[in-house]
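Quick notes on the structure that follows.
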Amino acid sequence: MLLRSLSKHVKDQNWFAVTLDFLIVVIGVYIGIEVSNWNAKRIDIDRGESFSARLLQNIRLEFQMYETEDNYYSTVHDYAKRAIALMDSDDPALDNEFIVSAYNASQYYYGEPVRSTYDELIATGNLYLLQDENLRNAALFLYKSTNRLRLAEYVLHSDYRERVRRVMPYDIQNAVREQCGDMVDSVTGFSSGIPADCRIEFSSDRIAAAAVAVRNDSDLRSDLVLLLSSFGYYISDAAATRRLTEQRLDGSYDGRAIPVAGQDGR
């Protein structure tokens, strides 16, 4: 209809009407584009809000993982310090505590990161949809950090973990695992930690023999000292990652860098 009118006005050389028709076309196209852009922006806002809610939930779950592992490895660290303190003891009454401490000083735990939303945002190039700059910065910092993994690998690949499990009799190891090892959460099925203080019910003669075997291995002693040398730093670095992520979330981060275990002589 508009094209027919425009053709008639051109034929009649009614330039005012031609101009008016042209303006109607331009304005119509402009409004159409604006409406389309508004719809696209509205869709992006909705998607951004959905991603933000999911990402924040993932980060909160990741914080829970950090807390669980901090408690877990703090207890393992305490067992390691107790084992080194009892290494030269000749009191048979302390053999049980020594054996449990020596074994639990090698305990390992690692939960896979809760990062599905972050990975989706990166893979699809949709990180720009996050309107909350604090949330975006917190996610980038948290999921690029390797401190939680480094802590777990420090224990998992330690010479002490391998050696103590070579030296200590298997029946004693099994008793410690069953009676003083990981406490499994009935809901999640994952470890919720290990008891901070524990003794095993087992033959005192077998415990004494195991204690002698562990104490007489000079390499095991030095491996335990090596494990302890940086253990506390790895724990504190992982805890700092969570703390600095929380600061980024609430906007209170002051720009200070996080140290890394193994550097600066640690």
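Each value in this text was obtained by applying a stated rule to the coordinates, not by laboratory testing. Because the structure is a prediction, the values reported are computed rather than measured. Glycine also receives a Cβ, built like all others from the backbone with ideal geometry; neighbour counts cover every protein chain displayed.
Points worth noting:
- Global geometry of region 158-249, whether rounded, prolate or oblate, following the gyration tensor of its Cα atoms and the 1.5 cut on a/c: oblate
- Asn134 versus Cys198: modelled label distance in nm, points set 7 Å from Cα along the beta carbon direction: 4.0
- Distance (nanometres) between label positions extended 7 Å along Cα→Cβ at Phe63 and Met183: 2.3
- With neighbours defined as other Cβ atoms within 10 Å of a residue's Cβ, the residues Arg206, Arg115 order from fewest to most as Arg206, Arg115.
- What the phi angles of region 193-198 give under the Karplus curve with 6.51, -1.76 and 1.60, with θ = phi - 60°, is a coupling list of x, 10, x, 6, 8, 7 Hz, glycine and proline written as x.
- Using θ = phi - 60° and Karplus 6.51 cos²θ - 1.76 cosθ + 1.60, couplings along region 155-169 (whole Hz; Gly, Pro as x): 7, 4, 9, 6, 4, 5, 4, 5, 6, 5, 7, 7, 7, 6, x
- FRET E, pair Asp91, Arg54, Förster distance 45 Å, beta-carbon r, rounded to 0.05: 0.20
- Overall, the anisotropy analysis places region 53-166 in the prolate class: the square-rooted eigenvalues a ≥ b ≥ c of its C-alpha gyration tensor yield a/c not less than 1.5, with a/b exceeding b/c.
- Dividing the convex hull volume of the alpha carbon atoms of region 47-250 by its residue count gives 118 Å³ per residue.
- Ser191 long-range amide H proximity, modeled H, under 5 Å: Asp185
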